[in-house]
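Undergrad: Quick one: the structure is below, and I'll ask about it shortly.
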Amino acid sequence: MEGRRHKICFVTTTRADWGLLMPLARALRDEPSVDVQIVAANMHLMERYGMTVDEIRSAGFTVDACVPMDVEGDDEASRVHAMARCLDGVADALARLRPDMAVLLGDRYEMLAVASAAAVMLIPIVHIAGGEISEGAVDDSIRHAITKLSTYHLTATEPYRRRVIQMGEAPDRVVNTGAIGVWNAFNTPLLSAQELGRQLGIDFAASKVAVVTYHPVTTDSAVTPVDRVRAMLDALDAFPSLTYVITYPNNDARGEQIIALLEDYAAARPGRVVLVRSLGMVRYQTLLSLASLVIGNSSSGIVEAPSAGVPTVDIGIRQRGRLAAPSVIHCGDSTAEIEQAIAEALSPRMQELAARRENPYYKPDTLGLMTRAVLDFARALPAATKKFHDL
């Protein structure tokens, strides 16, 4: 497709994936040969989660299609019904927009519906963040399924690149770019501590702050998410000198139960606990730069926090299998184990270690590598039929 404009469609479904996709979407939008399209779905369109489609527009992008997929219930079956709605809506959006390729990130259940629609409609997919392992989430198998539906791949590390090739993808279609979240950590223009403090009602000069994000462990049926979160909150209470900024979980199954518990917890501790539906990328990166530690089981604690110079307490099995920096402390789900890990994260030794910003997901010029790779893929279209690459 050399010599003509390329229509590249970004499909985003959560605040987290948009924060990672936005720099690439912006870089490609600046290319004279590219028309960027945005399809927003799922949590972006829910008041409950901050109606973050507005953040996309406020960043200067046009949202070309909105695909509501309201989740009517808090169990796994309700997510499957929502996936069906997403599949239907995305098919309509892609049929209307007729992109040359779609860019998808990650491993969420609704993204499998998006990838399925694009693959059946013969739209080549660029998949970001394939080849990773997260044994404590159903996302793990979904991520690999999306890899097999995709035509091109941008991975966050060389071991992940090798794993995608091991899954039968052609080596010349798999590029190790490093993680875009790490690029964000070094390149996002930050707010001042005073401005973020004003917005969140926190005096960063007066107390140490911990960022807390806990998502349901979607492969764990032995203990309810509420019990897991209660254990974590009990551990947080063991450190009354800390101020906690807690973000909403994703809308995975049982997520509503967690939100209710967090709302009660924050309401009972005004001034010391701030519960936020969505921070947005700039506020989140600013908060990481000011925080003393990150607590929970979000992938951002593994991938992004080390490059912000902050230690991470990674709880439970959700992120088990991911490469991790020396500043990431893995611990069990019990209150005692979490308390011990928090104490370790606050120790001078761990604070000094985190300040080195060692990170296996770092690679120089990640955004440039991603931009050039996507442009190269676009110029090579139409893509030859995929063949299984045997090792």
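Undergrad: Among the residues of the range 315-329 satisfying the criterion of being in a strand (DSSP E or B) and touching a residue at least 24 places away in the same chain (Cβ under 8 Å), which is nearest to ALA156 (Cα to Cα)?
TA: Pass one, the range 315-329, residues in a strand (DSSP E or B): 315, 328-329.
Narrowing further to those that are touching a residue at least 24 places away in the same chain (Cβ under 8 Å): 315, 328.
Numbers: ILE315: 22, VAL328: 17 Å.
Here the answer is VAL328.
Undergrad: Separate question: Could you check how many residues of the range 15-51 are out of contact with any strand residue (DSSP E or B) (no Cβ under 7 Å at 6 or more places or on another chain), surrounded by 23 or more Cβ atoms within 10 Å (Cβ to Cβ) and within 23 Å of ALA84 (Cα to Cα)?
TA: Summing the residues that are out of contact with any strand residue (DSSP E or B) (no Cβ under 7 Å at 6 or more places or on another chain), surrounded by 23 or more Cβ atoms within 10 Å (Cβ to Cβ) and within 23 Å of ALA84 (Cα to Cα) in the range 15-51 gives 4.
Undergrad: Do any strands (runs of 3 or more DSSP E) lying entirely in the range 176-292 carry at least 1 residues that are open to solvent by 30 Å² or more (accessible area, probe 1.4 Å) and more than 30 Å from LEU369 (Cα to Cα), and which ones are they?
TA: Of the strands (runs of 3 or more DSSP E) lying wholly inside the range 176-292, those with at least 1 residues that are open to solvent by 30 Å² or more (accessible area, probe 1.4 Å) and more than 30 Å from LEU369 (Cα to Cα) span 208-213, 273-276.
Undergrad: Of all residues in the range 151-175, which are in a helix (DSSP H, G or I), open to solvent by 10 Å² or more (accessible area, probe 1.4 Å) and not hydrophobic (A, V, I, L, M, F, W, C)? Even if it seems obvious, please write down each step before you answer.
TA: Residues of the range 151-175 in a helix (DSSP H, G or I): 158-166, 171-173.
When the remaining residues are screened for being open to solvent by 10 Å² or more (accessible area, probe 1.4 Å), the result is 158-159, 161-163, 165-166, 171-173.
GLU158, PRO159, ARG161, ARG162, ARG163, GLN166, PRO171, ASP172, ARG173 - these are the residues of the range 151-175 that are in a helix (DSSP H, G or I), open to solvent by 10 Å² or more (accessible area, probe 1.4 Å) and not hydrophobic (A, V, I, L, M, F, W, C).
Undergrad: Of the conditions (1) under 18 Å from VAL120 (Cα atoms); (2) open to solvent by 30 Å² or more (accessible area, probe 1.4 Å), PRO68 fails just one. Which one is it?
TA: PRO68 satisfies all of (1) under 18 Å from VAL120 (Cα atoms); (2) open to solvent by 30 Å² or more (accessible area, probe 1.4 Å) except (1).
Undergrad: Does PHE204 meet the test of being over 27 Å from ALA82 (Cβ atoms) and out of contact with any Gly (no Cβ under 9 Å at 6 or more places or on another chain)?
TA: On the way: over 27 Å from ALA82 (Cβ atoms): yes; out of contact with any Gly (no Cβ under 9 Å at 6 or more places or on another chain): no.
No, not satisfied.
Undergrad: As an exercise: evaluate LEU87 against (1) at pLDDT below 90; (2) open to solvent by 40 Å² or more (accessible area, probe 1.4 Å); (3) closer than 29 Å to ILE133 by Cβ; (4) of a type outside the set (Gly, Ala, Ser) and give the number of the one condition it does not meet.
TA: Here LEU87 meets the rest and fails (1).
Undergrad: Answer yes or no: is there a residue in the range 96-110 that is surrounded by 24 or more Cβ atoms within 10 Å (Cβ to Cβ), among the charged types (D, E, K, R) and either assigned to a helix (DSSP H, G or I) or out of contact with any Asp or Glu (no Cβ under 8 Å at 6 or more places or on another chain) (or both).
TA: yes
Undergrad: Right, next: Can you name the condition, by its number, that ILE146 falls short on among (1) touching a Phe, Trp or Tyr at 6+ places or on another chain (Cβ under 9 Å); (2) under 30 Å from ALA373 (Cβ atoms)?
TA: Status for ILE146: all satisfied but (1).
Undergrad: Report every pair of residues separated by at least 6 positions or lying on different chains whose Cβ atoms are under 6 Å apart, first residue within the range 277-306 and over 22 Å from GLY50 (Cα atoms), second open to solvent by 20 Å² or more (accessible area, probe 1.4 Å) and part of a strand (DSSP E or B).
TA: Listed pairs, sorted by first residue: SER292/LYS208.
Undergrad: Here's a check for you: in the range 256-293, which residue that is among the small types (Gly, Ala, Ser) and more than 21 Å from MET232 (Cα to Cα) is modelled with the highest pLDDT?
TA: Of all residues in the range 256-293, those among the small types (Gly, Ala, Ser) come to 260, 266-268, 271, 278, 280, 289, 291-292.
Right, trim to more than 21 Å from MET232 (Cα to Cα) and you get 280, 289.
Numbers: GLY280: 88, SER289: 96.
Only one residue tops the list, namely SER289.
Undergrad: Is it the case that GLU31 is touching a residue at least 40 places away in the same chain (Cβ under 8 Å) and over 25 Å from GLY301 (Cα atoms)? Before you say what the answer is, go through the steps one by one.
TA: Numbers: touching a residue at least 40 places away in the same chain (Cβ under 8 Å): yes; over 25 Å from GLY301 (Cα atoms): yes.
So GLU31 passes the test.
Undergrad: Which ones in the range 347-380 are under 26 Å from CYS9 (Cα atoms), surrounded by 13 or more Cβ atoms within 10 Å (Cβ to Cβ) and among the small types (Gly, Ala, Ser)?
TA: ALA373, ALA378, ALA380
Undergrad: Tell me which residues, restricted to the range 344-367, are in contact (Cβ under 8 Å) with a residue 40 or more places away in the chain and part of a helix (DSSP H, G or I).
TA: Those that are in contact (Cβ under 8 Å) with a residue 40 or more places away in the chain and part of a helix (DSSP H, G or I): ALA345, LEU346, GLN351, LEU353, ALA354, ALA355, THR366, LEU367.
Undergrad: Could you please tell me which pairs satisfy a Cβ distance under 8 Å, a separation of 6+ or placement on different chains, a first residue in the range 68-83 that is in contact (Cβ under 8 Å) with a residue 24 or more places away in the chain and farther than 19 Å from MET111 by Cβ, and a second residue that is open to solvent by 60 Å² or more (accessible area, probe 1.4 Å) and acidic (Asp, Glu)?
TA: That search, which allows pairs on different chains as well, returns ASP74/GLU256.
The values are calculated or read from the model by the stated rules, or taken from the named source; none is laboratory data. From a predicted model like this one, the values you see are computed outputs, not experimental measurements. Note that each Cβ is placed from the backbone with ideal geometry, even for glycine, and that neighbours are counted across all protein chains shown. The protein model used for the area step is the full one, side chains on, heavy atoms only, and it has no ligands, DNA or RNA in it. Shrake-Rupley method; radii C 1.70, N 1.55, O 1.52, S 1.80 Å.
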